[in-house]
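The values are calculated or read from the model by the stated rules, or taken from the named source; none is laboratory data. Just so it is clear, the model here is predicted, and its values are computed rather than measured. Positions of Cβ are generated from backbone atoms using ideal geometry, with glycine treated the same way; all protein chains shown enter the neighbour counts. To get the accessible areas, we keep the full protein, side chains included, count just its heavy atoms, and leave off ligands, DNA and RNA. Shrake-Rupley method; radii C 1.70, N 1.55, O 1.52, S 1.80 Å.
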Amino acid sequence: MPVLMTSYVRADYSGSSEYAEVSTIAGSLLEHLNSPGAQDLLALANLPGQSSAMVQATFAEFATELGFVDESRGLFEGYNNRAVRPDYYRRLGDTGILMEVERGKTTINNMDFLDFWKCHLCTHANYLFLMVPQELRQNAVMRPKREYNYVVSRMASFFVPRNYTNVRGLHIFGY
């Protein structure tokens, strides 16, 4: 199943060179995720019982090529919970991109909102790449949950001007 991508950007950053660079990186990642080899790995990683770590492993090498660092530490030092860290981080001028990969607890435990909150708090990043399953099955007999569509609709409200946070842009990838 091809990986989908939905993007949101604050109106005050939509025409910026910064956002253009973020979008170029997102496009490169999307192209890689839709390559035949990556598609095969993602299909296996999204089977019932698999973890988000297995999903991460399918593109970890490519993420490094794009300049992402795995589980960057020190991005949240000013906060009480020093254990908070992203799955990946990429510096981009005076800002950066957090990349979070979710699977089983995407909306059950509101991990999509937690990831957005992390980006909101992070003084080193104003952009978020959020990877979620298009369809989630926790076991072989359950009806699939449409995680991607649900996350896309939930996140839209943050990009209405009256609701702006310091997250300038969000790219949601549905694998």
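With contacts taken as Cα pairs under 8 Å and at least 6 residues apart, the stretch 63-153 reaches a relative contact order of 23 percent. Between Asn163 and Ala53, what FRET efficiency comes out of the Förster formula 1/(1 + (r/R0)^6) with R0 = 35 Å and r the beta carbon distance, rounded to 0.05? Plugging the Cβ-Cβ distance into 1/(1 + (r/R0)^6) gives 0.60. Find, among the trypsin sites (Lys or Arg not before Pro) in the stretch 60-118, those assigned to loop by DSSP (not H, G, I, E, B) with at most 15 other beta-carbon atoms within 10 angstrom. Sites meeting the loop and neighbour criteria: Arg73, Arg82, Lys105. Working from Cα pairs under 8 Å separated by at least six residues, relative contact order for the chain is 28 percent. Measuring with a 1.4 angstrom probe and ignoring ligands and nucleic acids, Asp40 comes out at about 100 Å² accessible.
Kindly sort Thr95, Thr58, Thr64 by accessible area of their heavy atoms, largest first, with the probe set to 1.4 Å.
Values: Thr95 0, Thr58 20, Thr64 90 Å².
The residues order as Thr64, Thr58, Thr95, largest area first.
If you take all other residues with their beta carbon under 12 Å from the beta carbon of Thr95, and give Lys and Arg +1 and Asp and Glu -1, the sum is 0. With springs only between Cα atoms under 10 Å apart, run a GNM on the chain and tell me which of Val132, Val151, Val84 wobbles the most. Sorting by GNM fluctuation, first place goes to Val84.
If I require 20 Å or longer along the helix axis, counting alpha carbons, and a Kyte-Doolittle average no lower than -0.5, what helices from the chain are left? Use full DSSP H segments. Qualifying helices, which must be both long enough and hydrophobic enough, are 17-33. Largest mean-square fluctuation among Asn46, Asn110, Asn163, in a Gaussian network model of the chain whose springs join Cα atoms under 10 Å apart, belongs to Asn163.
May I ask what percent, to the nearest 5, of DSSP beta bridges between residues of the chain are antiparallel?
Numbers: 14 of 25 bridges.
In the chain, DSSP labels about 55 percent of beta bridges as antiparallel.
So what is the calculated 222 nm ellipticity per residue for the chain, using -39500 (n - 2.57) for each DSSP H run with n of 4 or more, over all residues, to the nearest 500 deg cm²/dmol? Provide the component values of the computation, followed by the final result.
Values: 6 runs with 60 residues, N = 175.
Mean residue ellipticity, 222 nm, calculated: -10000 deg cm²/dmol.
Between beta-carbons, use under 12 Å as the cut-off and find the net charge around Phe159, counting Lys and Arg +1, Asp and Glu -1.
On the way: positive: Arg10, Arg154, Arg162, Arg168; negative: Asp12.
Net charge in that neighbourhood comes out at +3.
Given the stretch 4-157, report the % of alpha carbon pairs whose separation exceeds 19 Å. Mind showing how you got there, number by number?
Numbers: 6481 of 11781 pairs.
More than 19 Å apart: 55 percent of the Cα pairs in the stretch 4-157.
Ranked from the most accessible area to the least, with a 1.4 Å probe and all protein chains present, what is the order of Phe116, Phe62? If you can, show how the numbers build up before the last one.
Values: Phe116 5, Phe62 45 Å².
Heavy-atom accessible area, descending, gives Phe62, Phe116.
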